[in-house]
Amino acid sequence: MNNSFFKSGFLADGEKYSIYGQTPGGEIIYDDDMVVAGGDVVLVLPDHKVLAVFENIETLSADYSVPEQAAQMAARSIRSYYLDHGGESVEEAMEFARSAVEANPEAGICIGSLAAIVGDRISLAKTGNMSVAVRDAEAKETEFIIDKYPPSPNLDRYLGKRTSYDKLRKSDELHNLDIGGRAVELYLMSDGVYGRRQLPERLQPYHFEAARQDYQLLKEARLKLRNLDDLVRSSLRGVAGRRLLDRQLEEGTNSIGQTSGLSPELENPEMFSSEGFDWDIWQEIVLPIVSRFELSPKFGDREMLESLIKRPIRWSHERPRRDDATVVVAHLGQS
């Protein structure tokens, strides 16, 4: 079972925000301005224009129903810092959350990212290898704000107390981004969206554009063309399929005759499923087919965020996301 959820609303000055997440086999819990999805927790405080995503890393219990795990505790502490203590600093907020989690070692540890929007400035605090992205909505360019330090199996920035060893912790990463009145989209993502552990599978800037165009066109084609898979298999067996196979063989064969990077559907068209396939087949086979029909995909944040996680068109090194995965987007400068 793969539970998913979607929630949207507006920040204090009318900026829209949306959250999408999934948890394979986990539980989804709505707690006012917080959503718990398995090991991920997302918090949005609209009146304070604060967004946060936390992710459990180590717990003393694998039971996601335990109410006081580190990620949940961190999110509640952030909420308390702003709502009960009148806080205004993301750096102080993250330390406030760290103190609360460290005081309860049974909760385990977590990583997270926290953003507060004040005017044209985004103040950001990140602990652990969390990913944040800012997309210029007009220029259609996406910049990732990731750790200055390479990912390491010995995680050294986190909230909570590690029991396996004692390691000096680096400070949280702090960023101040001036958006200067531009229309931008701010994304905070858990590990299940970005793919930190496998470098080739990491989210790339082109995924954000594909989530608005290619993925949605494919979704519309699947809804309107009930025989889409049959049409594609026929083309794979024909001239277009043979031409693409010849090109992949030429590009993927090394000096000693070994081949790599071949689309398996080209050798066995019956394997094709529109649920997931690679970009070469999309560009050379599927897109020419769907372009013959009058399709006008309409989509919003739900479809776009879902596509960032599921990526129905993907390279061979990418895999469907089967982890807990949560992403929140805020549309700034375009209320």
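The values are calculated or read from the model by the stated rules, or taken from the named source; none is laboratory data. Every value quoted in this text rests on a predicted model; they were computed, and no experiment measured them. Here the Cβ positions follow ideal geometry from the backbone for every residue, glycine too, while neighbour counts run over all protein chains shown.
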Test: residue in the range 239-258 that is modelled with pLDDT of 90 or more, surrounded by 14 or more Cβ atoms within 10 Å (Cβ to Cβ) and within 18 Å of residue 295 (Cα to Cα): no
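Would you confirm whether any residue within the range 279-290 is assigned to a loop (DSSP other than H, G, I, E, B) and either under 26 Å from residue 194 (Cα atoms) or over 16 Å from the mean Cα position of the chain (by Cα) (or both)?
no
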Any hit, the range 287-299, residues being closer than 30 Å to residue 120 by Cβ and surrounded by 12 or more Cβ atoms within 10 Å (Cβ to Cβ): yes
Residue in the range 305-313 that is within 21 Å of residue 230 (Cα to Cα) and within 25 Å of the chain's Cα centre (by Cα) present: yes
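From the list 166, 214, 156, exactly one residue is at pLDDT 90 or above and either touching a Gly at 6+ places or on another chain (Cβ under 9 Å) or farther than 23 Å from residue 116 by Cβ (or both). Which is it?
Exactly one residue qualifies, and that residue is 214.
Residue check: is residue 248 in contact with a Gly (Cβ under 7 Å, 6 or more places away or on another chain) and more than 29 Å from residue 192 (Cα to Cα)?
Yes: the conditions hold for residue 248.
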Long-range neighbours under 7 Å by Cβ, at least six apart or interchain, first residue over 12 Å from residue 236 (Cβ atoms) within the range 255-273, second assigned to a loop (DSSP other than H, G, I, E, B) and modelled with pLDDT under 90: 261/316
Count - residues of the range 324-335 that are surrounded by 20 or more Cβ atoms within 10 Å (Cβ to Cβ) and part of a loop (DSSP other than H, G, I, E, B): 1
In the range 33-64, the residues that are of a type in the set (D, E, K, R), assigned to a loop (DSSP other than H, G, I, E, B) and at pLDDT below 90: 63
